[in-house]
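Let me begin by presenting the structure, written as structure tokens, before commenting on it.
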Amino acid sequence: MACFLVPVAEAVVTTVIMKAVESKEIKSETLKVEAGNDNFETESKIPFSRKLKWLNNMLWGGSALLAFEHVWNGEVVPWFPFLTAVSDPGGVSAVLSEMATVGVSMALLVTAVWSVIVLVTNSLEKKAFKTQSSSN
Amino acid sequence: MTLLITVFAAIICTVIWYNNAPHSKMKIGILCLMYWGASLMWLVDAIFEYFELHAMYFNPAPVDMLNDFYLGLSVVAFGLIIWLVILLIQDPKGVIKEALFKKK
């Protein structure tokens, strides 16, 4: 019905946060990486704004494809009130109930998966910087 | 079916992204995250549907399966169109800029 609206709302919030973080971020630590042929490239630590961008892409992209599915199934229409379920008696409560259960679960699962990705990335970065500092 | 097709699209994109990493100029990462995001959302949808239908969830009518199959393909195509628009707007290789502002 309208479950994709919850991830959309989260995506709006995370986009605003990302823009705020991006403007405040300073140049991060750099890491020397072997690029083959005895050459070295410097890699900097992944800024948090870039990690937030991963979440944004998952939320915006997923919501867009889900919205397409809703249009396909005739649940979303391009005229007012846009959601066909709303025009049915008792439809508003059904829409809200679905948003509270399915929609919130979708947003939570996507955020949980992103959190795991960020944790793994952070630990890999820490490991790489530790190895670099111990070899210097 | 839609979930399955999107998951396969996400896996294929991830393999392509990994193959070209870290110097991917085609923005495949965006496509990967888009398909993974949609897959996770449809997974939640499938879980809720399973709790509603139980074993019947795994025995859809052929007509529904065909509709879901077309929907899955259309979703993949829609995702590709979004990615293509982003790619052309951001133009990481500068191809569009070069084509538009090339001095004759």
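The values are calculated or read from the model by the stated rules, or taken from the named source; none is laboratory data. Being a predicted model, the structure only gives us computed values, none of them experimental. FYI the Cβ positions are ideal-geometry reconstructions off the backbone, even for glycines, and counts take in every protein chain you see. Accessible surface is based on the protein model in full, side chains and every heavy atom, while ligands, DNA and RNA are left aside. Shrake-Rupley method; radii C 1.70, N 1.55, O 1.52, S 1.80 Å.
Just need a number here: residues in the range B:78-104 that are under 17 Å from the mean Cα position of the chain (by Cα) and loosely packed, with under 12 Cβ neighbours inside 10 Å.
Residues of the range B:78-104 that are under 17 Å from the mean Cα position of the chain (by Cα), as a first pass: B:78-87.
Next cut, loosely packed, with under 12 Cβ neighbours inside 10 Å only: B:81, B:85.
Number of matching residues: 2.
If only residues of the range A:43-61 that are part of a helix (DSSP H, G or I) and in contact with a Leu (Cβ under 7 Å, 6 or more places away or on another chain) are counted, the one that is nearest to A:Thr121 (Cα to Cα) is A:Trp54.
Listed here are the residues, each with its yes/no results for (1) surrounded by fewer than 17 Cβ atoms within 10 Å (Cβ to Cβ); (2) assigned to a helix (DSSP H, G or I); (3) touching a Phe, Trp or Tyr at 6+ places or on another chain (Cβ under 8 Å).
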| site | (1), (2), (3) |
| --- | --- |
| B:Phe8 | yes, yes, no |
| B:Ile12 | yes, yes, no |
| B:Val15 | yes, yes, no |
| B:Asn19 | yes, yes, no |
| B:Ser24 | yes, no, yes |
| B:Leu31 | no, yes, yes |
| B:Tyr35 | no, yes, no |
| B:Ser39 | no, yes, no |
| B:Val44 | no, yes, no |
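Checked against (1) open to solvent by 60 Å² or more (accessible area, probe 1.4 Å); (2) at the interface with chain A (Cβ under 10 Å from one of its Cβ atoms), B:Phe69 meets all criteria but (2). If you scan the range A:100-110, which residues turn out to be open to solvent by less than 40 Å² (accessible area, probe 1.4 Å) and in contact (Cβ under 8 Å) with a residue 40 or more places away in the chain? Listed by number, the residues that qualify are A:Val102, A:Gly103, A:Met106, A:Ala107, A:Val110. Whenever a residue of the range B:75-99 is more than 10 Å from chain A (Cβ to nearest Cβ) and assigned to a helix (DSSP H, G or I), its partners that are open to solvent by 90 Å² or more (accessible area, probe 1.4 Å) and modelled with pLDDT of 85 or more, lying with C-beta atoms within less than 8 angstrom and at least six residues away or across chains, give the pairs B:Ile96/B:Leu88.
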